[in-house]
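Trainee: Structure provided below as structure tokens; questions to follow.
The values are calculated or read from the model by the stated rules, or taken from the named source; none is laboratory data. Keep in mind that this is a model prediction, so the values were computed, not measured. FYI the Cβ positions are ideal-geometry reconstructions off the backbone, even for glycines, and counts take in every protein chain you see. The area values use the complete protein model at the heavy-atom level, side chains included, leaving out ligands, DNA and RNA. Shrake-Rupley method; radii C 1.70, N 1.55, O 1.52, S 1.80 Å.
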Amino acid sequence: MRFYEFEGDPALEVSARALDLSGDFRVLRRLPELHELWVAPTPAEGPAIQLLVVDSETTGLGDTDKMIEFALVKMALDRDGQLCDISYPISGLEDPGAPLRPVIVTITGLDDATLAGKHFDEDVLRDQLSDVDAIVAFNAGFDARFWRARFPWITQPWICAQKDLDWLHGQGHAERSQTALLAARGFFYEAHRAAPDAWALAILLATQARDGRTIAANLVDGARRITHRVRAAGAPFACRDDLKEAGYRWDAKAREWWIDVEPKLLDDELARLVKMHPFTRPTHKPIDWFNRHMG
């Protein structure tokens, strides 16, 4: 059962369904608009969880770069994991105080004239965040870094739509990008600005997962779990390929390899590191959704 009904040409929809059923074609549909979505009634006691879906445009990827646009979409789930409320995107612009590089103009579609004199409205943002339980970004490690730098008063935990859900084994998707995951679920959209990207992510989260709940509900479950971040302190350069193969990532700032593991696998992982090389002195600490995506 679909969670939307397009208000377009009925004849085109009949043709699209016929193409889908033929097995010879695959039809991608535009993202549904707010008035085309079906949502469950909001429970009398209120939603089970309120999420803020965000996207950001920045002047670059470095630590000294700044956020120049944000967009947010509020969505709520009931206790059955179904969508019970969703809003249109709200967005804001801010002048970074320096000219944009040509590549950023090309990527974002923003330019110096558009941003001149603009400032984010923090009162609006505070109001939107007042009843939010968690913030969702497709790549939370990227977005959270810029949001924390610009809005240090934000206290909500962050959820990564890309990494906090097992898309492959849990949902049967090998795709890794937001556009590819949406295409796998039958949608297309023009990506590059914050508002369309945030809306697209919200629609992706509103689609149905294998268990009948929304993807968002499964994502929240994954984000809330406790894991352990294991660091291969002291591991020599010669172990690099073995660590990569084992799924470790390189932390350029700390100059250490690390991986997140489930609690039941912690002892085995620590033993494997020591066995890999006697100079390795593994460390570990518990990780939850407040510190998992610190950037």
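Trainee: What whole-number value in Å² describes the accessible area per residue of the chain for a 1.4 Å probe?
Mentor: On the way: 15330 Å² over 295 residues.
Heavy-atom accessible area per residue stands at 52 Å².
Trainee: May I ask you to compute the full-extension gain from GLU245 to ASP9, defined as 0.36 nm times their residue separation minus their alpha-carbon distance, rounded to one decimal in nm? Could you put the intermediate results ahead of the total?
Mentor: Working: separation 236, 0.36 × 236 = 84.96 nm, distance 5.08 nm.
Residue separation times 0.36 nm, minus the Cα-Cα distance, leaves 79.9 nm.
Trainee: Let me know the whole percent of all Cα-Cα pairs from the chain that are separated by more than 29 Å. Working shown, then result.
Mentor: Working: 19036 of 43365 pairs.
More than 29 Å apart: 44 percent of the Cα pairs in the chain.
Trainee: Cα atoms only: what Rg and Dmax, in Å, come out for region 142-183?
Mentor: 13.6, 38
Trainee: How much mean residue ellipticity at 222 nm does the chain get from its helices, if each DSSP H run of length 4 or more adds -39500 (n - 2.57) and you divide by all residues, to the nearest 500 deg cm²/dmol?
Mentor: Value at 222 nm, helices only, nearest 500: -9000 deg cm²/dmol.
Trainee: How large is Rg over Rh for region 224-295, taking Rg from the Cα atoms and Rh as the Kirkwood inverse mean of 1/r across Cα pairs? Spell out each step's value before the answer.
Mentor: Details: Rg = 11.8 Å, Rh = 12.4 Å.
For region 224-295, the value is 0.95.
Trainee: Let me ask you something else. Using the Cα centre as the reference, give the magnitude of the dipole from point charges on the C-beta atoms of the chain (Lys, Arg: +1; Asp, Glu: -1; all else neutral), rounded to the nearest 20 debye.
Mentor: On the way: 35 positive and 46 negative charges, 269 e Å.
So the dipole magnitude of the chain works out to roughly 1300 debye.
Trainee: Springs between alpha-carbon atoms under 10 Å, Gaussian network over the chain: tell me which of TRP199, TRP158, TRP257 tops the mean-square fluctuations.
Mentor: TRP257
Trainee: Can you give me the % of accessible surface on the chain that is carbon or sulfur? Probe 1.4 Å, all protein chains present, nothing else counted.
Mentor: Numbers: 8390 of 15330 Å².
C and S fraction of accessible area: 55 percent.
Trainee: Please report the projected area of region 19-167's Cα convex hull averaged over all directions, in nm². Please list the in-between numbers first.
Mentor: Values: hull surface 49.6 nm².
Orientation-averaged projected area of the Cα hull: 12.4 nm².
Trainee: Something else: So which of LYS74/LYS253; LYS74/LYS244; LYS118/LYS285; LYS74/LYS163 end up more than 31 Å apart by C-alpha? Walk me through the intermediate numbers first.
Mentor: Details: LYS74/LYS253 34 Å; LYS74/LYS244 37 Å; LYS118/LYS285 41 Å; LYS74/LYS163 21 Å.
Where the Cα-Cα span goes over 31 Å, the pairs concerned are LYS74/LYS253; LYS74/LYS244; LYS118/LYS285.
Trainee: When the dipole is taken about the Cα centre of region 92-132, and only Lys, Arg (+1) and Asp, Glu (-1) are charged at their Cβ, what size is it in debye, to the nearest 20? Intermediate results must be reported in sequence, preceding the final value.
Mentor: On the way: 3 positive and 9 negative charges, 54 e Å.
So the magnitude is around 260 debye.
Trainee: Taking only Cα atoms of region 1-99, what ratio of Rg to Rh do you get with Rh as the Kirkwood inverse-distance radius?
Mentor: Working: Rg = 19.2 Å, Rh = 17.1 Å.
In region 1-99, Rg relative to Rh is 1.13.
Trainee: Loop only per DSSP, at most 12 neighbouring Cβ atoms within 10 Å: give me the GluC sites (Glu not before Pro) in region 184-263, ordered by residue number. Let's see the in-between values first.
Mentor: On the way: sites: GLU190, GLU245, GLU256; in loops: GLU190.
Those that pass, being in a loop and sparsely packed, are GLU190.
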